[in-house]
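Remarks on the structure that follows.
The values are calculated or read from the model by the stated rules, or taken from the named source; none is laboratory data. Not measured: the values here are computed from a predicted model. Cβ: placed from backbone, ideal geometry, glycine included. Neighbour counts: every protein chain shown.
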Amino acid sequence: MKILVVDDEIDIQELFLQKFRKEIRNGEITFSFATSGEDALDYLHKHESEAVLILSDINMPGMSGIELLREIREKKAKPKPIVMMITAYGDDETRNRAVSLGADDFLNKPLDFGDLKERLFKR
């Protein structure tokens, strides 16, 4: 499974690589990382058919995760990637907006990596 993680926090990359060390070593998952919505779109443009799942923070400087979600869903790429939104805020307005734009799932910060692994591997 190819996953693109989009988060402006630089240390998130090291955390994902550490928490998924076994799955990466076994070839079950590969990760790519983007530190902004703009970087994610650039990555997706260059590697259109690679990412099957996108984990995106909602609150980022510049392009927010909501704006990134809108761009991904308006894009005509097939197959459409699964998009899971990550947020430190559980407000209904943000969640409803993301759902209306096609978010597939939500995760709260701080991430529960056990829960994330369950969600990823039941798909």
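Okay, residues lined up against (1) in contact with a Pro (Cβ under 6 Å, 6 or more places away or on another chain); (2) of a type in the set (V, I, T); (3) under 17 Å from Q13 (Cβ atoms):
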site	(1), (2), (3)
L41	no, no, no
L44	no, no, no
G90	no, no, no
E93	no, no, no
V99	no, yes, no
A103	no, no, no
L107	no, no, yes
R119	no, no, no
Strands (runs of 3 or more DSSP E) lying entirely in the stretch 16-123 (those with 1 or more residues that are at pLDDT 90 or above and among the aromatic types (F, W, Y)): 30-34, 105-108
Determine which single condition I82 fails, assuming it passes every other condition in (1) in contact with a helix residue (DSSP H, G or I) (Cβ under 8 Å, 6 or more places away or on another chain); (2) in contact (Cβ under 8 Å) with a residue 40 or more places away in the chain. (1)
So which pairs qualify, if the first residue must be in the stretch 57-70 and closer than 8 Å to D8 by Cβ, the second must be of a type in the set (S, T, N, Q) and assigned to a loop (DSSP other than H, G, I, E, B), the Cβ gap must be under 7 Å, and the two must be at least 6 apart or on different chains? M60/S36
Log entry, pairs with first residue in the stretch 101-113 being in contact (Cβ under 8 Å) with a residue 60 or more places away in the chain and more than 21 Å from K22 (Cα to Cα), second being among the acidic types (D, E) and surrounded by 14 or more Cβ atoms within 10 Å (Cβ to Cβ), beta carbons closer than 7 Å, six or more apart or on different chains, reads none
Just to verify a result, which residue in the stretch 1-15, among those that are modelled with pLDDT of 95 or more and in a helix (DSSP H, G or I), is farthest from Y89 (Cα to Cα)? E14
